[in-house]
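Shown next, in structure tokens, is the structure this report addresses.
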Amino acid sequence: MGRFLAVLAVLFTLAPVSEPLAVEPNEILSDPALEARARALSKNIRCLVCQNQSIDDSNASLARDLRVIVRERLVAGESDEAIRDYLVSRYGEFVLLKPRVTTATYALWYGPWVVLAFGVLGAALFLSRRRGAQQAAPLDEAEAARVADLLRETDSDRESRS
């Protein structure tokens with residue numbers, strides 16, 4: 001049990017830090033308000049190398065370059081929206097971790113809901129048809145007698161074989 005706890009302790013010390021420290025000290029702005037805005041912007045901009053990380057979390061050199069651009073533009077007095085617009089004009093809508101709702105991104109935003117609606121509609125139609133399907137009509141007397149005769153013949157064939 002002691003070894004298990006020792007291994008567990010080592011694994012926890014090797015576990016990654018919950019918030020990556022990708023922002024380098026020389027990137028941090030002296031104005032805390034501007035740095036807070038830069039961090040907020042960076043958390044919503046995709047690293048084009050890593051693709052599933054924000055530039056705030058990524059150690060890639062391109063992510064560093066984008067963080068520097070964001071900070072330079074903030075110091076120049078640009079608004080958050082102007083900085084996002086600049087990055088989108090340069091790298092495309094893909095640079096945003098949460099793309100804007102535009103005619104080009106309607107399928108991205110509303111496509112899953114349309115697919116879900118068609119799925120629910122299809123399931124409802126399937127279930128309603130299944131419920132409404134007619135059950136087989138009961139056998140009339142002649143059909144019931146014919147089935148009984150066939151069953152007797154089958155039983156007699158089995159007995160004769162054994």
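Table for the structure above
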| quantity | calculated |
| --- | --- |
| Close pairs from segment 20-39: first outside any helix (DSSP H, G or I) and surrounded by 11 or more Cβ atoms within 10 Å (Cβ to Cβ), partner β-branched (Val, Ile, Thr) and modelled with pLDDT of 90 or more, Cβ under 8 Å, at least 6 apart | ALA22/ILE55; LEU29/VAL75 |
| Segment 131-162, residues that are among the charged types (D, E, K, R), in a helix (DSSP H, G or I) and at pLDDT 80 or above | GLU141, GLU143, ARG146, ASP149, ARG152, GLU153 |
| Residue in segment 103-128 that is farthest from ARG46 (Cα to Cα), counting only those that are loosely packed, with under 11 Cβ neighbours inside 10 Å and not aliphatic (A, V, I, L, M) | SER128 |
| Residues (exposed (fewer than 11 other Cβ atoms within 10 Å of the Cβ) and either within 13 Å of LEU66 (Cβ to Cβ) or touching a Cys at 6+ places or on another chain (Cβ under 6 Å) (or both)) located in segment 76-102 | ARG90 |
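The values are calculated or read from the model by the stated rules, or taken from the named source; none is laboratory data. Bear in mind the structure is a predicted one, so any value in this text is a computation, not a measurement. With ideal geometry, Cβ positions are generated from the backbone for all residues, glycine too; neighbour counts draw on all protein chains shown.
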